[in-house]
Amino acid sequence: MTIAEVTSALEAFAPLALQEDYDNCGLQVGNRSAECHGALLCVDVTPAIVDEAVARGCNLIVSHHPLIFKGLKRITGATQVERVVLKAISNNIAIYSCHTAVDNATNGVSWEMARRLNVINVETLEPQQGKLLKLSFMVPKAHCDAVKTSIFKAGAGEIGNYDCCSFSVEGQGSFRALEGATPFVGTHGDIHHEPEIRVDVLLPRWLKSKVEKALIESHPYEVPAYEFIAIENESKFTGSGIVGTLSEPMSLSQLINRIKKEFNSPVVRCNAVDEGQMIARIAMCGGSGAFLIRNAIAQGAQVYLTSDVKYHDFVDYKNDIIIIDIGHFESEQCTKNIFYRVIQEKFPNFALYYSDIEQNPINYL
């Protein structure tokens, strides 16, 4: 198995096209074609993490936060990032980071947080824009099912928990084969009329090339008629944060204790005073999620769970929503479980390890 095969499984779950413009997800260090002997999973890559990978015989590290976030102008070992790069290269270790790609993925970080608190009826808090295309194509009636099957296998036609979604309408196509053409039906020089089906399907933008290839290879015509159209619909199942309902309403005090336990957070910061208030609707976002406070309020959430909230946010929204801050590491350490699950489902016998030495870099004294 190669590094590329393992990282391709991660990218099938969290495509790099989902990352934010400022981010640097993907392979940070290493050779994609190298054979992979095992993977070590962590939130942050440090020199000690590289040492742990070497000790375990792993030549791939999968992290949440990118090792290389800003451009490196030199690699001399002057900074921790440079030292990690040097150590990884000298030990032939590849480093792959997911960050906002898995933040924005369906069933990504915030969805994993929701599972830990038994949140149901989950929806994306801030759906992404500009990530969808509509494919329209014409195909002879007798070949419609075969072509649809091909593009569905390539990933078209998936909407939430449904797949093979399409809309079809019958019509009549016409064409004339000129010199040099090899028509599937009709004769050279004559205008031919053929009963055809027009099919419309949705697909994520990053699958365009794959779906187009599947369409062309399965279509009987020498030159199929089709078009991709950018649409403005929100991508309801990818984006930042989630909002949903607790499977069983509980008091704020009970919720806080549950959060501390599930996220291994010794303390929380909170702007509420009534610990007996009953909570049913909750929003959350892993990592620095203060930018979604207004979204949480607009979606009717009573509580917003996130990290890195500023003092003035606690003050300004005190009368609008209960904010619970559990710390950045606490909210994102669940990413290791996501990585493990995704890779193990694809490669059941592959050597996967959680880091034993990684600890929250912030101490509560």
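The values are calculated or read from the model by the stated rules, or taken from the named source; none is laboratory data. All of these numbers come straight from a predicted model, not from anything done at the bench. Using ideal geometry, Cβ is built from the backbone for each residue, glycine included, and neighbour counts are taken over all protein chains shown.
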1 or more residues under 30 Å from Val50 (Cβ atoms) and over 21 Å from the mean Cα position of the chain (by Cα): qualifying strands (runs of 3 or more DSSP E) within segment 269-355: 352-354
Return the residue satisfying two criteria in turn: it lies in segment 331-351 and is surrounded by 20 or more Cβ atoms within 10 Å (Cβ to Cβ) and in contact with a strand residue (DSSP E or B) (Cβ under 7 Å, 6 or more places away or on another chain), and of such residues it is farthest from Cys36 (Cα to Cα). Ser331
Go through segment 139-156 and give me each residue that's over 32 Å from the mean Cα position of the chain (by Cα) and in contact (Cβ under 8 Å) with a residue 12 or more places away in the chain. Val139, Pro140, Lys141, His143
With the structure loaded, tell me whether Phe237 is at pLDDT below 95 and under 24 Å from the mean Cα position of the chain (by Cα) or whether it fails that test. yes
